[in-house]
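Worksheet: one structure, shown below.
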Amino acid sequence: MTSSTLLRKLREICGANFLLKDRASLFAYESDALTLFRSKPLCVALPGTHEELIQCVCALHEAKVPFAARGAGTGLSGGALVPPGGVILALSRLNRILEIHPEEGWALVEPGVVNATLSREAKQYGLQFAPDPASQSVCTVGGNAAENSGGPHCFLHGMTTQHVQFLEVILPNGEVETWGSPTSSEDDLDLRGFFLGSEGSVAIASKLGLRLIPLPQDTQTWLTAYTSMEDACCTVSEIVAEGLQPAAMEVMDKQAIQAVEASVYRCGLPTEAAAVLLVELEGHPSVLLRDSPSIEKILNKRTPLSFEKAQSKKERIALWKGRKGAGGALGRLAPDSYVMDGVVPRSKLAEIMAYVLEVQSETGLPVANLFHAGDGNIHPHFSYDARSPEQVQLVEEAGAKILKRCLELGGSLSGEHGIGLEKEALLDLQFDEATLSFMERMRSVFNPEDTLNPGKGLPLGKACAEAFHRHRGSSQPQ
Ligand SMILES: Cc1cc2nc3c(=O)[nH]c(=O)nc-3n(C[C@H](O)[C@H](O)[C@H](O)COP(=O)(O)OP(=O)(O)OC[C@H]3O[C@@H](n4cnc5c(N)ncnc54)[C@H](O)[C@@H]3O)c2cc1C
């Protein structure tokens, strides 16, 4: 099938308004939130119904053209990109909440439903969708499932995989299957679990059955400021070592604090602190009564600069707005950001933070740290200008060094942003050849022609490596 025939078919399916192929429109789809990677698609199709989505996949299968699903494009590992000539299926119009079953605690939704919208709707039943990425006001549940996303409160509630009961998926050849079940958490092969975190490379989730959990009965939030990052990190380990289980434990360093306080997200963070630790406890009032004194004692052990408890819902919301807006606030520092994602054992947080500073001083580029400390999940945030090939090279090298050190410390290449295009070259440092080849074989059972989101999450084949170009300013060949 020629490109023009494919374009005509997709236009017939979606309608002329929902097939984008002009330069300006495509520009927005050339990258996700990791602008280190860019690749211009042939077109972007925006199916408006489930049937249109299936028809699009069938047309792309027939044309043997590479394609990928895209939710909101907030991914941070270069996931929702296709090689040149490929097609993006943008699922933002598939944003209906189809059913809510409050008595059974689940909802059936389309993949383009925005994460926070689902929780907002569920609130009237006293329920919420627990995964709460900092991007939750825009990212979609389809993207959350594909990346197995986390968020501050996943420390207590678990990652997205713990909150997806079943999925209806469209395989790359257009066949529709249901993985998992609304009535049982058991599934012989657990294909539901296989999908979660597969980075959109085995199937497209067209409907999701999502668990909804009760809203907490009570909440207590503390903000403690320390004179060193080490104090903040060690406090996190001490809280867990004491057997306490807060819902969230988040750390922000001085650079992140200052960026928040200079932005619309300002919430009164102490700008003189080297680091702040935000701890939240939730549950039955009796649990809060029991655990709060122990948590407060540990928070105060290292003579903090300041210690405060949110006195009202308004204060608590403001603190979370500051934490979740920090990524956006840092965006003002430079034209581009490289937000990394690595994991270390919690007890190694102070060590990896010291190493991040060492690497930062070699690059001379600003770095800020804001992270899910409870999970040992770090997110160094480098600010740079992608028009400078030198800066691109510096951040890429810095990223690789930090991720390698995470592995040396017994951690992992990714906590929640996925491998995407960003980390595929490092995968063989974490997994042996047999494991990688097993994963590849598993993927090829469902995606035998490698047309669905090729080259993501596993080491790139040579053709793919050549197909995906870095940003124009990069020293990489174009
Ligand atoms: C400021 C900021 C803060 C963030 N904070 C967090 C955080 O706290 N925790 C966290 O985990 N992540 C975070 N992220 C990363 C990102 O928001 C998550 O990975 C999110 O789940 C991506 O959702 P999306 O809809 O934007 O997906 P996209 O970026 O559009 O796609 C991501 C991947 O999912 C695939 N995909 C999308 N929809 C489907 C579908 N229906 N079926 C199959 N595959 C699909 C795509 O092909 C791609 O590979 C943050 C990002 C930003 C910019």
Just give me the residues in the stretch 202-216 being part of a loop (DSSP other than H, G, I, E, B) and either within 7 Å of the ligand (Cβ to nearest atom) or under 12 Å from Pro182 (Cα atoms) (or both), in sequence order.
Ala203
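Condition check ((1) hydrophobic (A, V, I, L, M, F, W, C); (2) at pLDDT below 95; (3) part of a loop (DSSP other than H, G, I, E, B)) across all residues:
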site: Phe382; (1), (2), (3): yes, no, no
site: Ala386; (1), (2), (3): yes, yes, yes
site: Glu396; (1), (2), (3): no, yes, no
site: Ile402; (1), (2), (3): yes, no, no
site: Arg405; (1), (2), (3): no, no, no
site: Gly410; (1), (2), (3): no, no, yes
site: Glu416; (1), (2), (3): no, no, yes
site: Leu421; (1), (2), (3): yes, yes, yes
Please determine whether any residue of the stretch 54-71 is touching a residue at least 40 places away in the same chain (Cβ under 8 Å), out of contact with any Lys or Arg (no Cβ under 6 Å at 6 or more places or on another chain), over 17 Å from Ala203 (Cβ atoms) and within 14 Å of the ligand (Cβ to nearest atom).
no
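Can you name the residue in the stretch 139-196 that is of a type in the set (Val, Ile, Thr) and closer than 18 Å to Ala90 by Cα and is also farthest from the chain's Cα centre (by Cα) among such residues?
Just the residues of the stretch 139-196 that are of a type in the set (Val, Ile, Thr), to begin with: 140-141, 160-161, 164, 169-170, 176, 178, 183.
Adding the requirement that they be closer than 18 Å to Ala90 by Cα leaves 140-141, 169-170.
Working: Thr140: 10, Val141: 11, Val169: 20, Ile170: 22 Å.
The residue in question is Ile170.
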For the stretch 171-194, indicate whether the set of residues that are within 10 Å of the ligand (Cβ to nearest atom), in contact (Cβ under 8 Å) with a residue 12 or more places away in the chain and closer than 28 Å to Leu421 by Cβ is non-empty.
no
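Only one of Glu280, Glu308, Glu351 is more than 16 Å from the ligand (Cβ to nearest atom), part of a strand (DSSP E or B) and either touching a strand residue (DSSP E or B) at 6+ places or on another chain (Cβ under 6 Å) or in contact (Cβ under 8 Å) with a residue 40 or more places away in the chain (or both). Can you tell me which?
On the way: Glu280 fails: more than 16 Å from the ligand (Cβ to nearest atom); Glu351 fails: part of a strand (DSSP E or B).
When all the criteria are applied, what remains is Glu308.
Going by the conditions given, is Gly126 touching a residue at least 24 places away in the same chain (Cβ under 8 Å), within 12 Å of the ligand (Cβ to nearest atom) and not acidic (Asp, Glu)?
Working: touching a residue at least 24 places away in the same chain (Cβ under 8 Å): yes; within 12 Å of the ligand (Cβ to nearest atom): no; not acidic (Asp, Glu): yes.
Taking the combined requirement at face value, the residue does not satisfy it.
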Out of curiosity, is Ala368 touching a residue at least 24 places away in the same chain (Cβ under 8 Å), in contact with a His (Cβ under 8 Å, 6 or more places away or on another chain) and away from the ligand (no atom under 14 Å from the Cβ)?
no
Expected single match for of a type in the set (Asp, Glu) and within 23 Å of Gln136 (Cα to Cα) among Glu397, Glu358, Glu408, Glu422 is Glu422
Output the number of the condition that Ser137 fails; it satisfies all remaining conditions of (1) closer than 23 Å to Ser414 by Cα; (2) out of contact with any helix residue (DSSP H, G or I) (no Cβ under 6 Å at 6 or more places or on another chain); (3) surrounded by fewer than 24 Cβ atoms within 10 Å (Cβ to Cβ).
(2)
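Of Pro133, Pro83, which residue is within 8 Å of the ligand (Cβ to nearest atom), outside the structural domain of Gly399 (by TED's automatic domain parsing) and not aromatic (Phe, Trp, Tyr)?
Among Pro133, Pro83, only Pro133 is within 8 Å of the ligand (Cβ to nearest atom), outside the structural domain of Gly399 (by TED's automatic domain parsing) and not aromatic (Phe, Trp, Tyr).
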I'd like the full set of residues that are touching a Gly at 6+ places or on another chain (Cβ under 9 Å) and touching a residue at least 60 places away in the same chain (Cβ under 8 Å), limited to the stretch 158-170.
Met159
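The values are calculated or read from the model by the stated rules, or taken from the named source; none is laboratory data. Since the structure is predicted, the reported quantities are computational estimates derived from the model, not experimental observations. We place every Cβ from the backbone using ideal geometry, glycine too, and count neighbours over all the protein chains shown.
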